[in-house]
Protein chains: 2
Amino acid sequence: MQQTFSKADIQALSKEYRRNLINSISGFKSLCLVGTVDREGQTNLSLISSIIHVGANPPLMGMLMRPHVVPRHTIENIEATHHFTFNHVREEFFEEAHQTSARYPKEISEFEATGLKEEYSESFPAPYVLESSVKIGLRFVERHFITANATQLIVGEVIELRLPTIGIMSDGFVDLEKLGTITVSGLDSYHTTRSLKRLPYAKAGNQS
Amino acid sequence: MQQTFSKADIQALSKEYRRNLINSISGFKSLCLVGTVDREGQTNLSLISSIIHVGANPPLMGMLMRPHVVPRHTIENIEATHHFTFNHVREEFFEEAHQTSARYPKEISEFEATGLKEEYSESFPAPYVLESSVKIGLRFVERHFITANATQLIVGEVIELRLPTIGIMSDGFVDLEKLGTITVSGLDSYHTTRSLKRLPYAKAGNQS
């Protein structure tokens, strides 16, 4: 049986029901811990699922920040120090990753609160997450404010990338499953994956 | 063994290797077929993995369009008719979905080319994909041009939502796994999922 929600139906839902429903329908999402640091060296870690690939050349990624949901420390730190990291979440520490979404005061680092460990590269100012497999260092490039709901899209350029050699295939594809990267649906549902297939480049005339 | 790519290393990669690498590191991604129609009634279907949740109230979703990768017919149709649909991809038709990314001329609908079927609701102008489970009807709200690489973020409001009743939990959460929604990594790697757990709302002090 199929259920249809009209615009009026969606508006009439309770706040919590609507939040769960609408957060679910965007599908399985990228899941990263975002590492930042302020000018005094205080680190911050927050869990984000609104990450998109923006382009490969130059290498750009974006994240949408919802000021009322995500602790604003992440945005403040990016404004202050212009660098941030994306760190893939693995099954081994997804509960600690989830716990970073609690509202800690600024003087408590989520690293300290959850036991996840900071990792630094010589050439990059913001903290990586040691336990993560794929670690991405980004420099702030631009941002766009979404008029409709006062969120903002932050775009960064990938200026450093650290990952296990074993996960990189000969054509540059990264086998995220082998590296243990997990995914999320809705606000709080975590999932591992099972590969179906890589498909060849699609051409008109070649029916799959 | 860990491999580190600096900005210079990434710039020095071959175009194909860099495209695969950078497209992979954004993690597992939402995967939807985007349905549109032009003023003459010619339909179009394209596969998109750059979809983000923008907000729940009002219900907003976004997609990043790369003009040189995605067939431009989708953008042209949205400019002309202001409506589009997101349709989750299931294991049963992921090869047909992939095939829509081939460059068909405008007079050939990807529905016709791949055998996927159009579905219409009485109140919504753009075509849904019959075979899909979660079907989302959106009205164009705003767009933002990313200066760094001439891509654009299209934001739409969810004004209709159709999905099987069996997938909707009592709190509004949608069990996408039960509905067969799949995910993608990189440009061409498709995956099903296996649920780990839903976690309760995180609070400071409650160590997970």
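The values are calculated or read from the model by the stated rules, or taken from the named source; none is laboratory data. These numbers were taken from a predicted model, which means no experiment stands behind them. Methodologically, a virtual Cβ is constructed for each residue, glycine included, from the backbone with ideal geometry; neighbour enumeration extends over all protein chains shown. The accessibility values were calculated without ligands, DNA or RNA, using every heavy atom of the protein model including side chains. Shrake-Rupley method; radii C 1.70, N 1.55, O 1.52, S 1.80 Å.
Tabulated data
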read-out	value
Looking only at region B:32-42, and only at residues there that are touching a residue at least 24 places away in the same chain (Cβ under 8 Å) and open to solvent by 10 Å² or more (accessible area, probe 1.4 Å), the one that is nearest to the chain's Cα centre (by Cα)	B:Val37
Residue list for region B:149-175, restricted to those being of a type in the set (Gly, Ala, Ser), part of a loop (DSSP other than H, G, I, E, B) and more than 7 Å from chain A (Cβ to nearest Cβ)	B:Ala150, B:Ser170
Close pairs from region B:1-18: first within 12 Å of A:Leu161 (Cβ to Cβ), partner surrounded by fewer than 18 Cβ atoms within 10 Å (Cβ to Cβ), Cβ under 8 Å, at least 6 apart	B:Gln2/A:Pro164; B:Gln2/A:Thr165; B:Gln3/A:Pro164; B:Gln3/A:Thr165; B:Thr4/A:Ser121; B:Ser6/A:Ser123; B:Arg18/A:Asn57
Every residue from region B:45-59 that is over 16 Å from B:Leu187 (Cβ atoms) and open to solvent by 30 Å² or more (accessible area, probe 1.4 Å)	B:Asn57, B:Pro58
Filter pass, A:Phe94 being open to solvent by 10 Å² or more (accessible area, probe 1.4 Å) and at the interface with another protein chain (Cβ under 7 Å from one of its Cβ atoms)	yes
Condition check for A:Arg103: at pLDDT below 95 and out of contact with any Gly (no Cβ under 9 Å at 6 or more places or on another chain)	yes
Selection within region A:60-72 - open to solvent by 10 Å² or more (accessible area, probe 1.4 Å) and either touching a Lys or Arg at 6+ places or on another chain (Cβ under 9 Å) or in contact (Cβ under 8 Å) with a residue 24 or more places away in the chain (or both)	A:Arg66, A:Pro67, A:Val70, A:Pro71
Subset of region B:176-205 that is open to solvent by 70 Å² or more (accessible area, probe 1.4 Å) and facing chain A (nearest Cβ under 7 Å) - its residue that is farthest from the chain's Cα centre (by Cα)	B:Lys203
Residues satisfying the stated conditions in region B:27-49, i.e. assigned to a loop (DSSP other than H, G, I, E, B) and at the interface with another protein chain (Cβ under 10 Å from one of its Cβ atoms)	B:Gly27, B:Phe28, B:Ser30, B:Leu31, B:Ser49
Single residue of region A:123-152 satisfying the filter (crowded, with 24+ Cβ neighbours inside 10 Å and polar (S, T, N, Q)) that is nearest to A:Arg66 (Cα to Cα)	A:Thr151
